[in-house]
1. Which of the residues that make up the range 30-81 are over 28 Å from Ser119 (Cβ atoms) and not hydroxyl-bearing (Ser, Thr, Tyr)?
2. Of the residues in the range 94-124, how many are among the aliphatic types (A, V, I, L, M), open to solvent by 40 Å² or more (accessible area, probe 1.4 Å) and part of a loop (DSSP other than H, G, I, E, B)?
3. Among the candidates Ile108, Ile121, single out the residue that is assigned by TED's automatic domain parsing to the domain that holds Glu71 and more than 12 Å from ligand 2 (Cβ to nearest atom).
4. Of all residues in the range 72-87, how many are out of contact with any Asp or Glu (no Cβ under 7 Å at 6 or more places or on another chain) and open to solvent by 50 Å² or more (accessible area, probe 1.4 Å)?
5. Of the residues that make up the range 63-70, is at least one more than 16 Å from ligand 2 (Cβ to nearest atom), open to solvent by 100 Å² or more (accessible area, probe 1.4 Å) and in a strand (DSSP E or B)?
6. Which number in (1) in contact (Cβ under 8 Å) with a residue 12 or more places away in the chain; (2) part of a strand (DSSP E or B) marks the one condition that Thr26 misses?
7. Within the range 97-132, take every residue that is free of Cβ contacts under 8 Å to residues at least 60 places away in the same chain and within 11 Å of ligand 1 (Cβ to nearest atom) and give me the one that is farthest from Asp19 (Cα to Cα).
Amino acid sequence: MMKVLVTDLIGTPGAHREDEVSIHITAIMDAAKLDGPVTGLVRYDAGVRDIMASGRMRYVATATCIRCLVEFEYPGKARFSQLYAEDPQSEDILAINDPGWIDIEEPIRDEVLLSLPLSPICRSDCAGLCSTCGTDLNREPCEGHEDVSSSPFAILAQLLDPEDL
Ligand SMILES: [Zn+2]
Ligand SMILES: [Zn+2]
């Protein structure tokens with residue numbers, strides 16, 4: 001929860017204010033995790049009976065490259081806009097709480113979660129790992145492998161084939 005007082009804006013339609021915001025967010029996904037500050041300039045616009053909060057947020061998450069499995073810093077961005085009303089009439093609208101504050105953590109957290117990468121790649125030309133020996137091909141070349149069908153593992157797989165038992 002991050003409470004922001006908006007008493008100066010309530011009842012003054014057309015008025016607005018901007019605040020530099022830094023909020024600590026912890027979010028863990030399969031391939032990326034964030035445990036640190038999300039920062040940005042948040043603008044609050046007053047309507048007749050409501051307040052619109054919006055901003056462009058920035059953060060640095062730790063991502064795991066899906067090709068080479070190396071962890072790297074992923075600079076992320078998330079935009080949010082959220083309407084608040086004294087008497088919210090829909091699920092999309094959050095409450096302006098007494099005596100005049102709103103919580104901006106919820107909408108920021110939602111957008112940050114959506115913006116975390118599902119399939120991060122450390123760099124566009126990441127060569128990944130050799131699928132046979134696991135060598136990190138970004139660091140050293142793989143010498144190559146014999147025809148897989150003649151490898152000991154393939155012969156073992158044949159021995160284990162139920163039709164041969
Ligand atoms: Zn990589
Ligand atoms: Zn290899």
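1. Within the range 30-81, the subset over 28 Å from Ser119 (Cβ atoms) is 41-54.
Within the range 30-81, Leu41, Val42, Arg43, Asp45, Ala46, Gly47, Val48, Arg49, Asp50, Ile51, Met52, Ala53 meet the criteria.
2. Looking only at that region, the number is 2.
3. Details: Ile121 fails: assigned by TED's automatic domain parsing to the domain that holds Glu71.
Ile108 is the lone residue from the list that is assigned by TED's automatic domain parsing to the domain that holds Glu71 and more than 12 Å from ligand 2 (Cβ to nearest atom).
4. The number of residues fulfilling the criteria is 7.
5. Let us first name the residues in the range 63-70 that are more than 16 Å from ligand 2 (Cβ to nearest atom), namely 63-66, 70.
Narrowing the set further to residues that are open to solvent by 100 Å² or more (accessible area, probe 1.4 Å) leaves none.
There is no residue in the range 63-70 that is more than 16 Å from ligand 2 (Cβ to nearest atom), open to solvent by 100 Å² or more (accessible area, probe 1.4 Å) and in a strand (DSSP E or B).
6. Among (1) in contact (Cβ under 8 Å) with a residue 12 or more places away in the chain; (2) part of a strand (DSSP E or B), Thr26 violates only (1).
7. Among those residues, the one meeting the criterion is Asp125.
The values are calculated or read from the model by the stated rules, or taken from the named source; none is laboratory data. What you see is a predicted model, and the numbers here were worked out from it, not measured in a lab. Positions of Cβ are generated from backbone atoms using ideal geometry, with glycine treated the same way; all protein chains shown enter the neighbour counts. Calculation scope for accessible area: heavy atoms of the full protein, side chains included, ligands and nucleic acids excluded. Shrake-Rupley method; radii C 1.70, N 1.55, O 1.52, S 1.80 Å.
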